[in-house]
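Every number in this text was worked out from the coordinates using simple rules, so none of it is lab data. Just so we're clear, the structure is a prediction, and the values are computed from it rather than from any experiment. Cβ: placed from backbone, ideal geometry, glycine included. Neighbour counts: every protein chain shown.
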Amino acid sequence: MASYSGVEPAAADSSHLGHVVPLGVLAAVWGALVALTVLTVAAAGVDLGNLNLYIALAIAGVKAALVVLYFMHLRYDRPFLLVVFLGCLAFVVLFISLAMTDARAYAPSLVPGQAPSMKDVHTPFGTGD
Amino acid sequence: MTEPAAHAQDPRSDPWHLAHHFTTPRQQFDSGKLGIWLFLATEILLFSGLFCAYAVFRANHPEVFVYAHLYLSKPLGALNTLILIFSSFTMASAVRAAQLGQTRWLVRLLAVTLVCAGAFLCVKFIEYKAKWEEGLLTGARYRPEAPPPGADVPKEAAIPRARPAPKPAPVDGLLVERSTIAPAAVGPSGLAPAWLAGEPAHPPLEWRGPEPYNVQVFFSFYFVMTGLHGIHVLGGMAAIGWVLVRARRGEFGPQYFSPVDFTGLYWHLVDLIWIFLFPLLYLIT
């Protein structure tokens, strides 16, 4: 403990604990999240093939960014917390992408017909069909 | 610490909420915040294991997901999404109320958040109960009473649940499992529908044809992912309840609101996980 300075302890140190997010910002983020939820349900009703998955994930990503930046204060907090969060995400990406690199390498051991997506993959027997 | 030493306090005037091993409330707040974020990072990694398994299985068996997701109720899933998003909003507002010293609003907003969490679990209970009654469980307990709504499954095309494992055949020194039975011919005289013989590139929006194999695996994913998430909702409710009791005692204010803030961060993470679970389980095309 350093020596007493005569400054009121609360006023000296605690007045800037965290950032007070304006209520308007919180309400706007909530509105955006509801709108994006409606959008993702509507987008799922249109058949765009593989694109559907990426659209759904993109919308979920935007929603997650809104929650993290505003509800979780990361936009206003110390940058180091952002480093912690993004570092974590980097490991998630590494984890899933590395697993996906050889996810289809087991196509030869899948029974043709049980996995229609496998039909164009080359196997020791030729193509999956 | 960026605070000058002159701002440090007399031990005699330390606020009650300052733990003895911290010098200032700000140091305590920042340490706690770093701690909760590190915890949230481990939570994200915990769920990413499940998302990874999901990605691998869906890449190999998209037909299982397209078929089985028809059993899930999109309206109930969307309702739960909206409930959680609203509870996240009230939680963020509760943190704001605590920061501004508005104790009455803090208590009200925490109570609303708690009610929303309970409502989420009630909806989840309705969904689980329906799955239980319709025989939509994991593994050998997957005995569906009927095909899902939106699927046109001919009755005569019913398939056995358990398919005998094909005999492994050594090829070039490698042991490769592969069926030696070719798919049946397509057409009016044949048995196999076109998709089973590998004709269309993408399964149709609404299912036509017999049920695919291994649908029960989808329900393993469904119950494990939503179940683990549900356990987190329960944990969040316990934390919010604890903070609510303390808020009613008037313990929180502009100088001390870390328990509210950190409980809020945890609750937002629960919302965050659901934001991804909803499209991945309920909205598959």
Work out the mean other chain Cβ neighbour count within 10 Å for the residues of B:65-78 and drop it here as an integer.
-> 1
Rounded to one decimal in nm, the spacing of the 7 Å Cα→Cβ label points at A:Tyr76 and A:Val46 is 3.7
Output ordering of B:260-271, A:42-53, A:91-102, B:109-120 (per-residue mean of other Cβ within 10 Å, highest first) is B:260-271, B:109-120, A:42-53, A:91-102
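Suppose R0 equals 51 Å; then what is the FRET efficiency for A:Tyr54 and B:Arg104 from their Cβ-Cβ distance, rounded to the nearest 0.05?
Efficiency for this residue pair is about 0.65.
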Which FRET efficiency value, to the nearest 0.05, do you get for B:Lys129 and A:Arg104 by plugging their Cβ-Cβ distance into 1/(1 + (r/R0)^6) with R0 = 56 Å?
-> 0.90
Enter the mean number of other protein chain beta carbons within 10 Å of the beta carbon of each residue in A:92-103, as an integer.
-> 4
Quickly rank A:62-71, A:17-26 as a protection proxy: mean count of other C-beta atoms within 10 Å, highest first.
-> A:62-71, A:17-26
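Can you work out the FRET efficiency for the pair B:Arg141 and B:Leu70, with r the C-beta to C-beta distance and R0 = 22 Å, to the nearest 0.05?
The formula returns an efficiency of 0.70 here.
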May I ask you to order B:64-77, B:237-250 by the average number of other C-beta atoms within 10 Å around their residues, highest value first?
-> B:64-77, B:237-250
